[in-house]
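Structure first, commentary second.
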Amino acid sequence: MIGDREEVNEKQQTGDLSRREWLTKIGLLLNGVAVTLLAMPIIGYLVSPLIGADKGEYKRWITLGNLSEFPENQTRLAKFENPITSFADGETDHIPCWVRRMQGENFQVFAVNCAHLGCPVRWFPQSGLFMCPCHGGVYYEDGSRASGPPPRGLFEYPFKVENGKLMIEAGQLPTLSTTAKLVTRSRGCQG
Amino acid sequence: MSRLKQIGDWFEERLQLAGPIREAMTHHVPRSSASWWYVFGSAALTVFCLQVVTGILLAFTYVPSAAEAWNSLQHLNHDVTLGWYLRAVHGWGSNFMVALVLIHFCQVFLFGAYKYPRQLTWIVGVFLLLMTLAMAFTGQVMRFDQDAYWGLGIGASITGRFPIIGAAAVHMLLGGPIIAGATLSRFFALHVFLIPGLLIALVGLHLLMVLKLGVNEWPMPGRIVRRGTYEKEYHELVKKDGVPFWPAAIWKDMFFSAAIIAAIMACAAYFGPYGPSGYPDPTIIQTVPKPDFFFLWLYAMLALMPPEMETPALIIGPVVLIGFLILLPFLSGEGEKSWKRRPAAVVTLLLVAVSLAVFTKLATFSPWSPIMNAWSGEPLPVSYLNPLSPLQRQGVLVFQDKQCHNCHEIAGSGGKRGPDLTRVATRMTHDQLVRQVIQGGGNMPAYAKNLNPAEVTALVSFLETLHPPNQPKARDAAQAAAQAAAPSPGESNR
């Protein structure tokens, strides 16, 4: 078998071989071009979650409710629907947040997600603390860090009051780099 | 019989596989490697096959949509005949597979099998381990319940700690700005297509190298691996003292694999399927998310690490760890294989194993988390209240009402976040207690804003009763000395 091949090889002329090698290279090149062309839409499809994200296009102003739903000097759980939804989201579009109304139109709207690792914090009005069930993060009523592992206070949504309604700008899961709003509050001389 | 042989021959004529298969099965291995210590890899492969089969069967019913996944799991659990059992086998298979891969990993490390010429086998194995863990994590996401939802939140929060690329990485991970339908879809693609495909390819490569290079011989102290001579020595060893893999070694693999499958089936039948836990509605915040067993150690570490260390540890830690594992066969590719001559390796492994075990154990009762309903659900024993004055009883009310009990234990009930207060009066004086309550400190919030002076007085008067009858209260030595030196008119009032 091997002998046969060698005979064939010997019969082939060098010019013939180089022409085939050249054609093979053209073939490789053509496939390279095809792959590159195909890669562009594939990459575009893959990075689609990033498109517009840096300009904050996910965010919208959303109505949380009438001012009368939020009594002064209280912190209450409110729910809203995420501005961007899709058919397969189920209940995951329904996002909770903590609304603290101080006096008049003075609000703080906190994400429920702990600044440590995103677990939902719960409000305890008696002690005026938010507590996280996961790793023991605790926050004061103004959202500043009280104790535990969180590296900062609670994330806050920007808010405004229009026509007697409380609105927040929301639309993405707050993490340390995708903050609802970067607020770093320190307790200063508190203790 | 002859008809069967004819059919067999017909296929063999076309496939010509009998020769290579026979060669692979009967290739000689060192007699020392036909050992019960060498069965973990093959058992992991068996369980992987089980996972592929049960996974495909579950996909017959499972709906990978955030709107329907949870319902389809309930449907599997309750409506589809034996759906619960397949879910249970797949879930327990996952646990067994992670365990087996980890045991295999430790055995290979202890036996020095990563040394020359099996470095690449080891490196591929490191990726197989990582992908097995990735399968376990993405598998937990498939069980789209509250734990899965908040687990994704934790994944996103960790990803969000990366500087510069953090935001983009979070959006890529979630497939959008929030955890939603797109998130489950992409984790489904990872769990069902991408990672298993890579696993199959790398398992093939891993096995091919085991066949080509021969299985690692039992390490003997003093038998040094050298690049120049190892292959010759190995072949001589196999020639001199080798046995055919089939049947001399494989029966142990078969026995062990069968036992593992039986154990998985038994666990599945006895314990049943995992969850799903609560419905994945983010507005239900009364939830205490916890990861599956094999990620509990991470859950514990994230709670116990000093906060300022956390981001560097989360970003640099995995790079260092994986980098070390990949570089290991290059750093010590030759030399002693036996664990008897590699004390550093043994100590390292023991240290890691003990740490992981301790973290896992801690995570099962998570002492760092407040018990969210202790203040309303765990009353103090009546025996504690009976001898108290009205003021002290008022202090008990403050203690409960202000959620102190969520973090502090008294008489075995309550949270373990803060110190146990059962004997706090023996440790802290009146003034120290007042200061701690008002200013907080250590890991305790300051309560100055949320307690009025009367409440502080009541609370501290109760805390001062917390000492055993035969042990006196802590007292301030300086104060006592000052009072002795200059008895004040107030003294007579006592």
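Just so it is clear, none of the values below were taken in a lab; they were calculated from the coordinates. Please read all numbers here as calculations on a predicted model, not as lab measurements. A quick note on method: Cβ atoms are made from the backbone with ideal geometry, for glycine too, and the neighbour counts reach across all protein chains shown.
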Using the beta-carbon distance between B:Asn373 and B:Arg435 and R0 = 25 Å, what value does 1/(1 + (r/R0)^6) give for FRET efficiency, to the nearest 0.05? 0.30
I'd like the distance between the alpha-carbon centres of region B:292-365 and region B:78-141, rounded to an integer number of Å. 17
If A:Ile51, B:Ile261, A:Ile168 are placed from fewest to most neighbouring beta carbons inside 10 Å, the sequence is A:Ile51, B:Ile261, A:Ile168
Sorted by Cβ neighbour density within 10 Å, fewest at the top, the residues B:Leu207, A:Leu23: A:Leu23, B:Leu207
Dipole size in debye (nearest 20) for the protein assembly as shown around its Cα centre, Lys and Arg Cβ +1, Asp and Glu Cβ -1? 1340
Among A:Leu166, A:Gly118, A:Phe130, the residue whose Cα sits farthest towards the positive end of the charge dipole of region A:48-191 (+1 at Cβ of Lys and Arg, -1 at Cβ of Asp and Glu, taken about the Cα centre) is A:Phe130
Could you work out the local net charge near B:Ala66, counting Lys and Arg as +1, Asp and Glu as -1, over the other residues with Cβ closer than 14 Å to its Cβ? -4
Using θ = phi - 60° and the Karplus curve 6.51 cos²θ - 1.76 cosθ + 1.60, what whole-Hz ³J(HN,Hα) does each residue of region A:164-173 get, with Gly and Pro shown as x? x, 10, 8, 10, 10, 9, 9, x, 9, 5
Can you compute the modelled spin-label distance between B:Val358 and B:Leu331, with each label point 7 Å from Cα toward Cβ, in nm? 2.2
Which pairs break 30 Å Cα to Cα here: B:Lys239/B:Lys340; A:Lys79/B:Lys290; B:Lys290/B:Lys449? B:Lys290/B:Lys449
Using a Förster distance of 22 Å, the FRET efficiency for B:Leu304-B:Phe271 (Cβ separation, nearest 0.05): 0.15
Give me the extension gain from B:Leu208 to B:Phe365: residue separation times 0.36 nm, minus the current Cα-Cα distance, reported in nm with one decimal. 52.1 nm
Collect residues whose amide H, placed 1.01 Å from N in the peptide plane, falls under 5 Å from the amide H of A:Ala146; neighbours closer than 5 in sequence don't count. A:Val138, A:Tyr139, A:Tyr140
I'd like the mean, over residues of B:295-302, of how many other protein chain beta carbons sit within 10 Å of each residue's own Cβ. 1
FRET efficiency for A:Arg60 and A:Phe87 from the Cβ-Cβ distance with R0 = 30 Å, rounded to 0.05, comes out at 0.95
Under the 0.36 nm per residue contour assumption, what length would be gained going from the current alpha-carbon distance of B:Thr348 and B:Gln471 to full extension? 39.9 nm
Go ahead and estimate [θ] at 222 nm for the protein assembly as shown from helices alone: -39,500 (n - 2.57) per DSSP H run with n ≥ 4, summed, over the residue count, rounded to 500. -16500 deg cm²/dmol
Give me the distance in nm between label points sitting 7 Å out from Cα along the Cα-to-Cβ direction at B:Thr26 and A:Asn73, one decimal. 9.2
If the cut-off is 18 Å between C-alpha atoms, which aspartates and glutamates fall inside it for B:Lys212, apart from same-chain ones fewer than 8 positions away? B:Glu23, B:Glu231, B:Glu233, B:Glu236
So for region B:306-405, what are the equivalent ellipsoid semi-axes in whole Å, largest first, each being the square root of 5 times an eigenvalue of the Cα gyration tensor? 52, 17, 9
Just to check I understand the Karplus step: with θ = phi - 60° and J = 6.51 cos²θ - 1.76 cosθ + 1.60, what whole-Hz values come out for region B:359-369, glycine and proline as x? 4, 5, 4, 4, 5, 5, 10, 5, x, 7, 8
How far is the Cα center of region B:437-482 from the Cα center of region B:167-232, in Å? 56
Calculate one ³J(HN,Hα) per residue across region A:32-39 by plugging θ = phi - 60° into the Karplus curve 6.51 cos²θ - 1.76 cosθ + 1.60, and present them in order as whole Hz with x for glycine and proline. x, 4, 4, 5, 4, 4, 5, 5
So for B:Lys416, B:Lys449, fewest C-beta neighbours within 10 Å to most, what's the order? B:Lys449, B:Lys416
Measuring from label point to label point, each 7 Å out along Cα→Cβ, what is the B:Phe193 to B:Leu391 span in nm? 7.3
Which of B:Leu451, B:Pro343, B:Ser369 sits closest to the plus end of the dipole of region B:330-487, meaning its Cα is farthest towards the positive end, when Lys and Arg get +1 and Asp and Glu get -1 on the C-beta? B:Pro343
Radius 13 Å from Cβ of B:Ser94, net charge of other residues (Lys, Arg +1; Asp, Glu -1): +1
